[in-house]
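Reviewing the structure listed below.
Nothing in this text is a laboratory measurement; each read-out follows from the coordinates by a stated rule. Nothing here was measured: the structure is a model prediction, and the numbers come from that model. Because the Cβ atoms are built from the backbone with ideal geometry, glycine has one as well, and the counts that use them run over all protein chains shown.
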Amino acid sequence: MDNENLDLPIVDGNVGFNPKEHEGKQVKIVKIWRDLIDSHYVDGEYNASKTQKAPVVYIETEAIAKLTLSDGTDKDVTVKHRFYLQNRVNPVTKEKETVISKSPQAKLWKFMRKVGATKLDEIKDKIVTLTVEPSKEPGDDRLFLRIVV
């Protein structure tokens, strides 16, 4: 290929989804599940070269839009949020257990109180509000749809 025509147009990606259109939308939580993920926080300290398994809870909203992919298939657009759980040693049984912390910094407990849930399974079918957040990376102009926590 020759270098004659290097003046090419720059266009937006043909994604077909604009997060700003969903700002403030209220949607239902339809799925909740627990998982273990690799975390770089080892014993409370960040360590880029080491990971340990961390327990988390995911919540997911109902579909807010449908995208048609390049292969012609449709994909539902949902919003997911991940909350970290806490591992501790039970003071009575001395067994290791996973718990929901009531610490002021604990986002899951704060979220549960906000939606009126006292147990994880009560989060399902609760209504949450969506918000748009810009990327935190310098020079990155992407927008992300999030659940207000």
Each label point is 7 Å from the Cα along the Cα-to-Cβ direction; what then is the distance between the points at Asp7 and Lys50, in nm? 5.8
Express in nm, to one decimal, how much length is gained between Lys28 and Val89 on full extension, taking 0.36 nm for each residue of separation and deducting their alpha carbon distance. 18.5 nm
Could I have the simple spin-label model distance between Glu62 and Val42, label points 7 Å from Cα toward Cβ, reported in nm to one decimal? 4.5
Order these peptides, 87-99, 115-127, by their mean beta-carbon neighbour count within 10 angstrom, highest first. 115-127, 87-99
Along the positive direction of the dipole of the range 37-141 (beta-carbon charges: Lys, Arg +1; Asp, Glu -1; about the Cα centre), which of Ile64, Pro104, Val42 reaches farthest? Pro104
Residues Ile100, Ile10, sorted so that the one with the fewest Cβ neighbours within 10 Å comes first: Ile10, Ile100
Of the listed values (i) 14.4; (ii) 8.8; (iii) 9.8, grab the one calculated as mean projected area of the Cα convex hull in nm² from the structure here. (i)
I need the peptides 43-49, 143-149, 53-59 ranked by packing, meaning the mean over residues of other C-beta atoms within 10 angstrom, with the highest value on top. 53-59, 143-149, 43-49
Which distance in nm do the two modelled labels at Ser135 and Arg113 give, with both placed 7 Å along the Cα-to-Cβ direction? 3.5
Give, rounded to the nearest 20 debye, the magnitude of the charge dipole that the range 19-147 has about its Cα centre when Lys and Arg contribute +1 at Cβ and Asp and Glu contribute -1 at Cβ. 600
